[in-house]
Amino acid sequence: MECIGTEANGGLATYGEYGCDYDTARDFVVAQAFLMNDLKKYTEAVGYSPKNPRGMQTYEDMLQDFSDWWDDPDGEWWYDLAMFYFDGHEITDKEREAL
């Protein structure tokens, strides 16, 4: 599934298929950490915060989850992170034409 999302630097990027800016949703999500260049900011940007009531509170929690999900680069979790935190969604024909 070809998707589009907003990168940490404000640009748009496609992900989810070979030939996109990022082959997988995992690649897209992880690349945002490098663009932010701030682990604390990134950790909070993807929902891991001491204020989170669901238990995802630290970067260690994030790293554990990423480790658990790593072998499934197109897993639902990566798409959820892209959707909820980087405006990720399946690309529309109109968006495709605009690129």
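Once you sort the root eigenvalues of the Cα gyration tensor of the chain as a ≥ b ≥ c, which label holds: rounded (a/c under 1.5), prolate (a/b larger than b/c) or oblate (the other case)? Show your work: numbers first, answer last.
On the way: a/c = 2.10, a/b = 1.70, b/c = 1.23.
Since a/c reaches 1.5 and a/b is larger than b/c, the shape of the chain is classed as prolate.
Against the longest principal axis of the chain, how steep is helix 25-36, in degrees 0 to 90 to the nearest 10, with axes from Cα atoms?
Result, in degrees: 70.
Per residue, how much accessible surface does the chain expose to a 1.4 Å probe? Answer in Å², no decimals. Provide the component values of the computation, followed by the final result.
Working: 6170 Å² over 99 residues.
Spelled out: the 1.4 Å probe surface of the chain, per residue, equals 62 Å².
What lysines does Lys51 reach when the alpha-carbon gap must be under 23 Å and sequence neighbours fewer than 8 apart in one chain are set aside?
The qualifying lysines are Lys40, Lys41.
What's the extension gain from Gln57 to Trp77 if we count 0.36 nm per residue and subtract their Cα-Cα distance? Numbers along the way, then the final one.
Working: separation 20, 0.36 × 20 = 7.20 nm, distance 1.69 nm.
Using 0.36 nm per residue and subtracting the Cα-Cα distance, I get 5.5 nm.
So what's the back-of-envelope 222 nm ellipticity for the chain, counting only DSSP H runs of four-plus at -39500 (n - 2.57) apiece and dividing by all residues, rounded to 500?
Numbers: 5 runs with 47 residues, N = 99.
After summing the helix terms and dividing by residue count, I get -13500 deg cm²/dmol.
What accessible area, in Å² to the nearest ten, does a 1.4 Å probe give for Glu76?
Estimated to the nearest 10 Å², Glu76 gives 130 Å².
Let me know the charge dipole size of the range 51-94 about its Cα centre in debye, to the nearest 20, where only the beta-carbon of Lys, Arg (+1) and Asp, Glu (-1) is charged.
Values: 3 positive and 12 negative charges, 69 e Å.
The dipole magnitude comes to about 340 debye.
Run the accessible area of the range 15-78 with a 1.4 Å probe and give the carbon-and-sulfur part as a rounded percent. Could the numbers behind the result be given before it?
Details: 2020 of 4010 Å².
Here carbon and sulfur together make up 50 percent of the probe-accessible area.
Under a plain spin-label model, where a point goes 7 Å from the Cα along Cα-to-Cβ, how far apart in nm are Gln64 and Lys94?
4.3 nm
Hey, what do the phi angles of the range 90-99 turn into as Karplus ³J(HN,Hα) couplings, whole Hz, using 6.51/-1.76/1.60 and θ = phi - 60°, x for Gly and Pro?
Result, ordered by residue: 4, 5, 8, 4, 5, 5, 4, 5, 6, 6 Hz.
Mind pulling the angle between the C-alpha long axis of helix 76-86 and the longest principal axis of the chain? Nearest 10 degrees, somewhere in 0 to 90.
That works out to roughly 90 degrees.
5 Å is the cut-off here: which amide hydrogens, built 1.01 Å from N in the peptide plane, fall below it relative to Tyr22, excluding neighbours closer than 5 in sequence?
Thr14, Tyr15, Gly16
Once amide H atoms are placed 1.01 Å from N in the peptide plane, what residues at a sequence separation of 5 or more from Glu7, or on another chain, have their amide H within under 5 Å of its amide H?
Here the answer is Leu12, Ala13, since their amide H atoms fall under 5 Å of that of Glu7.
So how tilted is helix 59-69 from the main axis of the chain? Cα-based, degrees 0 to 90, rounded to 10.
Around 50 degrees separate the two axes.
The values are calculated or read from the model by the stated rules, or taken from the named source; none is laboratory data. All values reported here derive from a predicted model rather than from experimental measurement. Note: ideal-geometry Cβ built from the backbone for every residue, glycine included; neighbour counts use all protein chains shown. We work out accessible area using only protein heavy atoms, side chains counted, and drop any ligands, DNA or RNA first. Shrake-Rupley method; radii C 1.70, N 1.55, O 1.52, S 1.80 Å.
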